[in-house]
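> Before we start, here is the structure in question, set down as structure tokens.
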């Protein structure tokens, strides 16, 4: 074994020592025991995500591992599994807000700054929990990233002001909205931003060019969507920066 090979082997061992593997954490709440996938990190930022995917997300796990390697700890609670619910939108209504706030409380016990993140209809969980958390005068969470939020109560009628779920407009935390440039929902970003700001939330919105909503979950992803999926960790870190986070 030559010197170059030995040096490479040592570097790989050092890198492996700094990368912490995913661990499973169980959080007991009054309504259910929730299994949380934790991607530990040494930094001061914790990203609490609600994929509602029955623990089967692939792109999200890769992104979480990449963020962990960059010093951002990631928690992914399996809300559907905890309540034995099917992966359908109507299941969200069966997830108690108190269970979500219990997980937020557990995350804040780490002493890290906690940011919430979710995509699609799952963003309603984030807003609902954040609203109750603030109403109970707890230590505030640092902000929220809402990716491709689907927060309409019903299918919007062209030409009419859309009606949003009740949780919209009831928070005071910094919010980052991300939407795909190839989805009609991008045209509703300003309206949604205005609604979210009604109780004092500071809202920033950005359109991701050349991608559709849920691009990282699609089987028919195009080249642009594949590229953005591979750079999701960077996209989230930029979003945290827009929310005022400087320790990343």
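The values are calculated or read from the model by the stated rules, or taken from the named source; none is laboratory data. Because the structure is predicted, anything quoted here is derived from the model rather than measured. Methodologically, a virtual Cβ is constructed for each residue, glycine included, from the backbone with ideal geometry; neighbour enumeration extends over all protein chains shown.
> Quick test for you: out of 128, 89, pick the one residue that is out of contact with any strand residue (DSSP E or B) (no Cβ under 7 Å at 6 or more places or on another chain) and closer than 19 Å to residue 216 by Cβ.
Values: 128 fails: closer than 19 Å to residue 216 by Cβ.
So the residue among 128, 89 that is out of contact with any strand residue (DSSP E or B) (no Cβ under 7 Å at 6 or more places or on another chain) and closer than 19 Å to residue 216 by Cβ is 89.
> When you scan segment 200-215, do you find a residue that is out of contact with any strand residue (DSSP E or B) (no Cβ under 9 Å at 6 or more places or on another chain), at negative phi and in a helix (DSSP H, G or I), even just one?
Narrowing segment 200-215 to residues out of contact with any strand residue (DSSP E or B) (no Cβ under 9 Å at 6 or more places or on another chain): 200.
Okay, now just the ones that are also at negative phi, so none.
The answer is no; no qualifying residue exists.
> For residue 228, are the conditions met, namely being buried (at least 17 other Cβ atoms within 10 Å of the Cβ), without any contact (Cβ under 8 Å) to a residue 24 or more places away in the chain and closer than 17 Å to residue 119 by Cα? Full working, then the answer.
Values: buried (at least 17 other Cβ atoms within 10 Å of the Cβ): yes; without any contact (Cβ under 8 Å) to a residue 24 or more places away in the chain: yes; closer than 17 Å to residue 119 by Cα: yes.
It is true that residue 228 is buried (at least 17 other Cβ atoms within 10 Å of the Cβ), without any contact (Cβ under 8 Å) to a residue 24 or more places away in the chain and closer than 17 Å to residue 119 by Cα.
> Among (1) under 18 Å from residue 192 (Cβ atoms); (2) surrounded by fewer than 22 Cβ atoms within 10 Å (Cβ to Cβ); (3) in contact with a strand residue (DSSP E or B) (Cβ under 8 Å, 6 or more places away or on another chain), which single condition is residue 150 missing?
(3)
> Any residue in segment 180-197 that is assigned to a helix (DSSP H, G or I), touching a helix residue (DSSP H, G or I) at 6+ places or on another chain (Cβ under 9 Å) and modelled with pLDDT of 95 or more? Quick ask: steps written out before the conclusion?
Let us first name the residues in segment 180-197 that are assigned to a helix (DSSP H, G or I), namely 184-197.
Cutting the leftovers down to touching a helix residue (DSSP H, G or I) at 6+ places or on another chain (Cβ under 9 Å) gives us 185, 192, 196.
Add one more test, that the residue is modelled with pLDDT of 95 or more, and what stays is 192, 196.
Among the residues of segment 180-197, at least one is assigned to a helix (DSSP H, G or I), touching a helix residue (DSSP H, G or I) at 6+ places or on another chain (Cβ under 9 Å) and modelled with pLDDT of 95 or more, which makes the answer yes.
> So, residue 141, is that one out of contact with any helix residue (DSSP H, G or I) (no Cβ under 6 Å at 6 or more places or on another chain) and within 20 Å of residue 60 (Cβ to Cβ) or not?
Working: out of contact with any helix residue (DSSP H, G or I) (no Cβ under 6 Å at 6 or more places or on another chain): yes; within 20 Å of residue 60 (Cβ to Cβ): yes.
Answer is yes for this residue.
> Right, another one. Would you mention how many residues in segment 186-217 are within 24 Å of residue 58 (Cβ to Cβ), over 17 Å from the mean Cα position of the chain (by Cα) and surrounded by 18 or more Cβ atoms within 10 Å (Cβ to Cβ)?
Final tally of qualifying residues: 2.
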